[in-house]
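This report refers to the structure that appears directly beneath it.
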Amino acid sequence: MPVQVAIVGAGPSGFYAAAALLRADAACHVDFIEALPTPFGLIRGGVAPDHQSTKGVSRAFARTAQEPRVGYYGNVVLGRDVSLDELRGFYDAVVLATGAPLDRPLGIPGSDATGVYGAAAFVGWYNGHPDFCDLNPDLNTSAVAVIGNGNVAIDVARVLVKTPAEMAATDLADHAAKAIHQAPIEDVYLIGRRGPAEAKFTNKELTEMGDLAACAPMVDPAQIPAQVDDEMSDRDRRLREKNLATLRGFAERPPGEKPKRVHFLFCAKPVEVLGDGRVSGLRLERTRVDSGRAVGTGEFFEIPCGAVISAIGYRMPPLADVPVDEAKGVVTNRDGRVAPGLYAVGWAKRGPVGVIGTNKADGDTAARQIGEDIAEGARPGSPALEALLVERGVRPVSFADWQRIEAAEGAAAPAGAPRRKLIRIKDMLAVLEDSEVKVTES
Ligand code: NAP
């Protein structure tokens, strides 16, 4: 009997696992269980809307989804429509590819004030993710602080300052385009608790900040070290030196060249969000970097800002019946093995680090482990799942259904844009009922 595998989550880690399983076992059958009616996880809901080329990998994922040995059940929520125990009864192996979709809490005084947003929520909001489309962030301010020196922080800063013309060929959600482009934002502070040599931006993303139509990058040259001092591989040293060179180039640019500014503030640790229930500023402590760690100097300063976006990393949500390593914020696992017949891949396995392609190795590992652990299929797979969904009145969204949603989004796209995203599940499902479809604007 073919081995029956359920993959929970149709994001990059789930698709790489499916492709690896199909390659490794010529007989196995793979079913996706995905909470949203839309596939591709962070490709749709996380990758910046102005980085369309990064989203191209979804074409390969779509080919995998249409393989004869692959089933696809969208709009089916683990823990609501089907329990993990039920899935493990129906399938020989279950692979958790559920990612890390929540924000790590900022956890400083004032961080619960109105006007403080986590990047998972904020990025989800501008990308039209149904869970975050009602975030309605208040951007009626001239200054925004973005905390973090990773690629998510730089994505957020860039999307906040790009002009409508620069965003025209993107799939920035309508409600977000309206809010961002009407906002009076002039200054964005990009805040790193360590120095420029420790920043996690990739050079491509950093360089892009120097090429914006209406926004100039601002860097204090005194903050840029002459060289990278720490012990590290030649490759890491080259990457860091490249970022320092880019920042030096920014520091040499004339002041006042563009109407908006992104200020790179390094060695600045946020200690308090200021304001009386509503953000009015951020208090920071200057740090120095000692053996790679940020050490407070006892010197404090403040920046005025009306919104704070915290891009300090993601975490996984609690999943019923899944053991969680709270310290690491991942599914408790040994190189992906969670329990007999239960595996984890991607950010659920490793935590929220790495780019889309990093997930490929996890998929290969899971496929190898499933091959080692399960010689012969013994469970029913999709017929049992489908019977349960019918019994519960759950209407799964097939991959062909998704393609109808995708076609509706493409047909509604403004000139030059790839799609106009449907942001509410009811509107996505309405496409499938052939009822009137409107793109909901908030
Ligand atoms: P990240 O690269 O880990 O960056 C997190 C940033 O938050 C770091 O600068 C970190 O500083 C800072 N931070 C953490 N806790 C903090 C605190 N309490 N106070 C102040 N700062 C704090 O994570 P990410 O930006 O969320 O990105 C996640 C992964 O997705 C990364 O691997 C990233 O490269 C990838 N990604 C890639 C792209 C792309 O390729 N274009 C786009 C988006 C995301 P320390 O370094 O001091 O800890």
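The values are calculated or read from the model by the stated rules, or taken from the named source; none is laboratory data. Quick caveat: nothing in here was measured; it's all calculated off a predicted structure. As a convention, Cβ positions derive from the backbone with ideal geometry for all residues, glycine included, and neighbour counts pool all protein chains shown. The area values use the complete protein model at the heavy-atom level, side chains included, leaving out ligands, DNA and RNA. Shrake-Rupley method; radii C 1.70, N 1.55, O 1.52, S 1.80 Å.
Which entries in LYS178/LYS260; LYS260/LYS426; LYS178/LYS349; LYS200/LYS426; LYS178/LYS360; LYS204/LYS260 show an alpha-carbon gap greater than 30 Å?
LYS260/LYS426; LYS178/LYS349; LYS200/LYS426; LYS178/LYS360
Quote the charge dipole size of the stretch 102-310 about the Cα centre in Debye, to the nearest 20; the model charges only the Cβ of Lys and Arg (+1) and of Asp and Glu (-1).
Rounded to the nearest 20 debye, it is 380 debye.
Output the 0 to 90 degree angle, nearest 10, between the alpha-carbon long axis of helix 399-411 and the longest principal axis computed from the alpha carbons of the chain.
The helix 399-411 is inclined about 40 degrees to the chain.
Work from the charge dipole of the stretch 28-104 (Cβ charges, +1 for Lys and Arg, -1 for Asp and Glu, about the Cα centre) and give the residue of VAL47, GLN66, VAL30 farthest towards its positive end.
Most positive-ward Cα: VAL47.
For VAL271, which sequence-distant residues (separation of 5 or more, or a different chain) have an amide H within less than 5 Å of its own amide H, given hydrogens modelled in the peptide plane?
Residues meeting the criterion, in which the H sits 1.01 Å from N, are ARG283, LEU284, GLU285.
I'd like the GluC sites (Glu not before Pro) in the stretch 120-210 restricted to DSSP loop residues with at most 11 other Cβ atoms within 10 Å, sorted by number.
Here no loop site has a sparse enough neighbourhood.
For the chain, what does the relative contact order come out to in percent, with C-alpha contacts under 8 Å and a separation of six or more?
24
Quick one: Debye curve from the alpha-carbon atoms of the chain only, equal weights, vacuum; give me log10 I(q)/I(0) at q = 0.07, 0.08, 0.12 Å⁻¹ to two decimals.
At q = 0.07, 0.08, 0.12 Å⁻¹ the computed log10 ratios are -0.38, -0.49, -1.05.
When the accessible area of the stretch 102-310 is computed with all protein chains present and a 1.4 Å probe, what percentage of it is carbon and sulfur?
On the stretch 102-310, the fraction of accessible area on carbon and sulfur atoms equals 48 percent.
Relative to the compact globular guide of 2.2 N^0.38 Å, what is the alpha carbon radius of gyration of the stretch 1-141, as a ratio?
1.22
Please list, in chain and number order, the residues 5+ apart from VAL262 or on another chain whose amide H is under 5 Å from its amide H, with Hs placed from the backbone.
Result for VAL262 returns VAL188, ALA216, MET218.
Can you give me the long-range amide H partners of GLY79? Hydrogens built in the peptide plane at 1.01 Å from N, cutoff under 5 Å, separation of 5 or more residues or another chain.
LEU84
Restricting everything to alpha-carbon atoms, can you work out Rg to Rh for the stretch 336-442 with a Kirkwood hydrodynamic radius?
1.09
When you have a sec, figure out the Kirkwood radius of the stretch 1-73 from all distinct Cα pair distances and drop it here in Å to one decimal?
Computed over Cα pairs of the stretch 1-73, the Kirkwood hydrodynamic radius comes out at 12.6 Å.
Suppose every K and R has +1 on its Cβ and every D and E has -1 on its Cβ; what is the size of the dipole of the stretch 243-314 about the Cα centre, in Debye to the nearest 20?
Magnitude of the dipole: close to 260 debye.
Please turn the phi angles of the stretch 283-294 into ³J(HN,Hα) values with the Karplus equation 6.51 cos²θ - 1.76 cosθ + 1.60 (θ = phi - 60°), one per residue in order, whole Hz, x for glycine and proline.
9, 10, 10, 5, 10, 10, 9, 10, 6, x, 9, 7
Find the percent of Cα-Cα distances in the stretch 102-310 that exceed 31 Å, and round it to a whole number.
Looking at the stretch 102-310, the distances longer than 31 Å represent 17 percent of pairs.
When the Karplus curve 6.51 cos²θ - 1.76 cosθ + 1.60 is applied with θ = phi - 60°, which whole-Hz ³J(HN,Hα) does each residue of the stretch 95-106 get, with x for Gly and Pro?
10, 8, 10, 8, x, 9, x, 10, 7, 5, x, 6
If you count only protein heavy atoms with a 1.4 Å probe, what accessible area per residue comes out for the chain, rounded to a whole Å²?
It amounts to 43 Å² per residue over the chain.
For the stretch 236-244, what does the Karplus curve 6.51 cos²θ - 1.76 cosθ + 1.60, with θ = phi - 60°, yield as ³J(HN,Hα) per residue in whole Hz, taken in order and with x for Gly and Pro?
Values, residue by residue: 4, 4, 4, 5, 5, 4, 5, 4, 4 Hz.
Please report the relative contact order for the stretch 102-310, taking Cα pairs under 8 Å with a sequence separation of at least 6, and give it as a percent rounded to a whole number.
RCO, the stretch 102-310: 29 percent.
How big is the antiparallel share of DSSP beta bridges in the chain, given as a percent to the nearest 5?
So the antiparallel bridges amount to about 35 percent of the total.
If you put +1 on each Lys and Arg Cβ and -1 on each Asp and Glu Cβ, how big is the dipole of the chain around its Cα centre, in Debye rounded to 20?
In total the dipole reaches around 740 debye.
Per residue of the chain, what 222 nm ellipticity follows from adding -39500 (n - 2.57) for every DSSP H run with n ≥ 4, rounded to the nearest 500?
Taking each H run of at least 4 residues, the total per residue is -9000 deg cm²/dmol.
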